[in-house]
Structure formats: C-alpha cells, structure tokens
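Peer 1: Quick one: structure below, then a few questions.
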Amino acid sequence: MKAVVFTLGCKVNGCESASLISGLKSLGYDVTDKLGYADLYIINTCAVTAEAEKKSRQTVARARKFNKSAKIIVTGCASQHSPDDFLKKEGVTLVTGANAKDRIIEEINEVGFRKFDDEGYYEKYLPENPSRTRAYIKVQDGCNNFCSYCIIPYLRGRSRSRKPENVVAEIQRLSPLEAVITGINLSAYNYENIGLKGLIDRLIDVNCRIRLGSLEVGIITEEFLSALKNLKNFAPHFHLSLQSGSNKVLKSMNRRYDRETYIEKCNLIRKYFPSAAITTDIIVGYSTETEEDFLDSVNLCKEVKFADVHCFPYSKREGTVGAKLKELPSSVKDARMDVLLAVKKELKENFINNYIGKTLSFVPEEVENGYTVGYTDNYIRVYVKGEIPLKECDIQLIEGFLDGATAKIV
Ligand code: SF4
C-alpha cells in the first residue's frame, strides 16, 4: 500500500513527519514525502499565518485529486486550530491536533476528530533521516511566551523538552554530517533544570557539525557562547529572532528585549565568533507600526549587517492579543515589504562578498542542476560544479550565484 506524509511549516513539523513515516513503514506501507498517487495521505499542517492555514486546506484537495478513494488524515497546527474546516472536507477520515502526532499510527482506521493531549509526549517512532547529510533533531516543543502576534502557544501548548541522552542517542543513530538542533522555542529548552547550555555541553562528543535553530535574544550570554566555543564542530550561524527594530512595537508584541539589548547581543556573538552569520526574522506592518517604527527596523538591519533577513507581512491570527488591534492596510504592508526585501538582498550580497576567495568548511547535501549544493558553516549556500563525495570538506568561494555562491574544493 502506498502512503504520503506531506509536511507544511516548520522544521519541528518536519521531524514529526519523519516519525510518522517510520511508523507507517513499520506497518508495511511504501511511504514518500512528495504529493503523488497513494492509498493513504497524512497531511501535517501549519497555522503560523492565515496563508499557511489556507495552503493546508488546499493540500487536502490536491491529495484527493490523485486518488478520490484514498484515506486522508489531517494533523498539525491548522487542524488543532480549526478542526471542523478539515472534518467537513471530502475524503478526510481522521483529524487530530498538534500533539502526539504519531499516535495516529495506532488510530489509522479511526474516523472523526482525535485530540491527543498528552503534552509530555515524545515521538515513539524514531525518525529516519530524509537527507543523507543533514538531520533536524527536535529537542523542544511548545512555548510559554505568548508574543502578541503568535498563535503557536495556543496550539502546541506549554514548553517541554527532551531528555538530553535521547538527543545524543538520536544524533549518533542518524550520524549525519550536520545535526540541526531545533524546537518551537529552542531557547526555552529545559529538561529537569538542564537548559540549552547544558544540552550543548552534552553534545561535546558527537562527531558531526552542530547548527542551532532559531534563538531568542535572552539565551545569548558569555556562558552560552563559551559552551558553543567548546564544541568541536559548531556552525557559527545565529538565527536570532528580532521581529521589529522599534522599542514601541517590540513592547506591543510582548517581546522581551529592546533594540539596544539586541544590538549588544549581536556584538557579543561577534566577539566570540567574528565570522558568524547572524540572520533574523522581521514582521512587517504589525498593527502598531508607524512609518518611523518601520524605519527603525530597516536601520537596525543595516547597523547589525545581517547575513540574511526573513521578512513576513503581519498576518492577523484570531485568538491572539494582536488580533484585537486594527490592522494596517495591505498596501502599506506591501510597500514596506518591498523596501525591506531590497535591504535584505543588499545585506545578503554584502555578507557573501566578504567571503569571496576565502576558504570555508562545507557540508554537501544534494546534487541539483549539475551542481553539488550545501551550506558553509556560516550558512552560505554553495554550488560546486559537478558531483562530489558527500563528506565535509573545505571550499573556496568564487563568486555570487543564485541565492549563494559558486565554489571550488581546496
Ligand atoms: S517565542 Fe513568540 S513567536 Fe516564538 S513560538 Fe513563542 S510565542 Fe511564537
């Protein structure tokens, strides 16, 4: 029997889907993660924006087009947020929430809505590694921060963390060239008073490159950075979520820092890792943002010299504090997005140009259009002509190319 586990949204969703794939394989299914003909579909949805939720609903219709008699199961944040939207869709047999997804494996023939509320749950089916060289390792779930624009804490519940030994065991079992430590709010990692620094200390003996997922400002301390410095093979890339460069807007977003602290933390990172890539997320057009506030975001980007900026137009999420505010017109959001995207492009090119001719460590991942593609330790996407062995090596950047740079092995 053929099955598809299709994932929308974040890396944590990706990890949970990898567990579902293992679970289905243990039942004898021939499973893929690409949408195509199948007898069973599990759609792992996302609700971080209204657009993501719409795409999740559309994916059900797309699956049904491949096989009208297939069984369709929907799980994830969008089905946790609005289960009825999926229950009423043709072909959908089972809808579950965002927790304990791989309990679906035991409930595959059930019909209707199932909400597994056991929050302290971790995936029973150990994920296989979809990529040959890079593995995403889920170490934390949920969030207690309740940023005013964010729906996630309402869908994924309170923060909970995985036993450090299980994290180390999973990395050793998957033995990737690079392990990406990820969570919904990774900085909130805390297992029986072992914080993220404590987890990092326990990764000291793993034999692969360690990259961290998105971080919150508060985690950046001398102690934390020293712990990273002790790792044998840490990838100096910090995705430090900013959201806005205006103190007034940060306050209304219920973010727990101001722009001065943010800049201070970036300087601290550069003290420990001078060649580090600092990347970030910025929400454009939050309801309290004036033109002046927006320029604060633009100027902070230029001051920090980010290696890349992920920009998102504000998406109102019903149920959040922010949803009570009057939204800015989409024309204003679009105009500001255009400005910030131009700044993003310039900053990214500048960052890459700083390393043209320089030697960096490279983990190749896959072959694409005649190039072997992967990332440097400081997160530059690299294209090496032809097919090269999938092992970590040193490369020299040649010139800017597509969303990264071409390079040659040295
Ligand atoms: S830290 Fe804020 S933005 Fe991130 S998941 Fe938690 S509530 Fe959402």
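Peer 1: So, of the residues in region 147-162 that are more than 17 Å from Ser315 (Cβ to Cβ) and within 16 Å of the ligand (Cβ to nearest atom), which turns out to be most open to solvent (accessible area, probe 1.4 Å)? Steps first, please.
Peer 2: Of all residues in region 147-162, those more than 17 Å from Ser315 (Cβ to Cβ) come to 156-162.
Then keep just the ones that are within 16 Å of the ligand (Cβ to nearest atom); that gives 156-161.
Numbers: Arg156: 2, Gly157: 8, Arg158: 92, Ser159: 34, Arg160: 33, Ser161: 18 Å².
The qualifying residue most open to solvent (accessible area, probe 1.4 Å) is Arg158.
Peer 1: May I ask you to list the residues in region 348-373 that are out of contact with any Asp or Glu (no Cβ under 8 Å at 6 or more places or on another chain), crowded, with 19+ Cβ neighbours inside 10 Å and assigned to a helix (DSSP H, G or I)?
Peer 2: Ile352
Peer 1: Something else now. Given the residues Leu203, Leu199, which is the only one that is in a helix (DSSP H, G or I) and open to solvent by less than 10 Å² (accessible area, probe 1.4 Å)?
Peer 2: Answer to the selection: Leu199.
Peer 1: Restricting to region 4-18, name every residue that is of a type in the set (Gly, Ala, Ser), buried (at least 23 other Cβ atoms within 10 Å of the Cβ) and under 17 Å from Gly97 (Cβ atoms). Break it down into steps so the answer makes sense when it comes.
Peer 2: Initial filter on region 4-18 (of a type in the set (Gly, Ala, Ser)): 9, 14, 17-18.
This time we only want the ones that are buried (at least 23 other Cβ atoms within 10 Å of the Cβ), so: 17-18.
Result: Ser17, single match.
Peer 1: Within region 210-222, how many residues are closer than 20 Å to Val12 by Cβ and more than 16 Å from the ligand (Cβ to nearest atom)?
Peer 2: Matching residues across region 210-222 total 2.
Peer 1: Going by the structure shown, is Asn144 surrounded by fewer than 23 Cβ atoms within 10 Å (Cβ to Cβ), assigned to a loop (DSSP other than H, G, I, E, B) and either touching a residue at least 24 places away in the same chain (Cβ under 8 Å) or away from the ligand (no atom under 16 Å from the Cβ) (or both)?
Peer 2: Numbers: surrounded by fewer than 23 Cβ atoms within 10 Å (Cβ to Cβ): yes; assigned to a loop (DSSP other than H, G, I, E, B): yes; either touching a residue at least 24 places away in the same chain (Cβ under 8 Å) or away from the ligand (no atom under 16 Å from the Cβ) (or both): yes.
So Asn144 fits the description; yes.
Peer 1: Hey, among Thr45, Thr49, Thr59, which residue is out of contact with any Cys (no Cβ under 9 Å at 6 or more places or on another chain), open to solvent by less than 10 Å² (accessible area, probe 1.4 Å), under 25 Å from Lys138 (Cα atoms) and not aliphatic (A, V, I, L, M)?
Peer 2: On the way: Thr45 fails: out of contact with any Cys (no Cβ under 9 Å at 6 or more places or on another chain); Thr49 fails: open to solvent by less than 10 Å² (accessible area, probe 1.4 Å).
Among Thr45, Thr49, Thr59, only Thr59 is out of contact with any Cys (no Cβ under 9 Å at 6 or more places or on another chain), open to solvent by less than 10 Å² (accessible area, probe 1.4 Å), under 25 Å from Lys138 (Cα atoms) and not aliphatic (A, V, I, L, M).
Peer 1: Where residues in region 104-141 are of a type in the set (Lys, Arg) and either over 23 Å from the mean Cα position of the chain (by Cα) or open to solvent by less than 60 Å² (accessible area, probe 1.4 Å) (or both), which of them is modelled with the highest pLDDT?
Peer 2: Lys138
Peer 1: Of the residues that sit in region 181-196 and are away from the ligand (no atom under 13 Å from the Cβ) and assigned to a strand (DSSP E or B), which one is surrounded by the most Cβ atoms within 10 Å (Cβ to Cβ)?
Peer 2: From region 181-196, those away from the ligand (no atom under 13 Å from the Cβ) are 181, 190-196; that's our starting set.
Right, trim to assigned to a strand (DSSP E or B) and you get 181, 190-191, 194-195.
Numbers: Ile181: 22, Asn190: 15, Tyr191: 19, Ile194: 15, Gly195: 17.
Per the stated criteria, the residue is Ile181.
Peer 1: Take Asn354 and tell me if it is within 26 Å of Thr261 (Cβ to Cβ) and either touching a Pro at 6+ places or on another chain (Cβ under 7 Å) or modelled with pLDDT under 95 (or both). Working first, answer last.
Peer 2: On the way: within 26 Å of Thr261 (Cβ to Cβ): yes; either touching a Pro at 6+ places or on another chain (Cβ under 7 Å) or modelled with pLDDT under 95 (or both): no.
Answer is no for this residue.
Peer 1: Given the options Glu178, Glu128, Glu165, name the one that is closer than 30 Å to Thr49 by Cβ, away from the ligand (no atom under 16 Å from the Cβ) and out of contact with any strand residue (DSSP E or B) (no Cβ under 6 Å at 6 or more places or on another chain). Reasoning before the result, please.
Peer 2: Working: Glu178 fails: out of contact with any strand residue (DSSP E or B) (no Cβ under 6 Å at 6 or more places or on another chain); Glu165 fails: closer than 30 Å to Thr49 by Cβ.
None of the others qualify; the one that does is Glu128.
The values are calculated or read from the model by the stated rules, or taken from the named source; none is laboratory data. Remember, it's a predicted structure, so these values are computed and weren't measured experimentally. Here Cβ is always computed from backbone atoms with ideal geometry, including for glycine, and neighbour counts include all displayed protein chains. The protein model used for the area step is the full one, side chains on, heavy atoms only, and it has no ligands, DNA or RNA in it. Shrake-Rupley method; radii C 1.70, N 1.55, O 1.52, S 1.80 Å.
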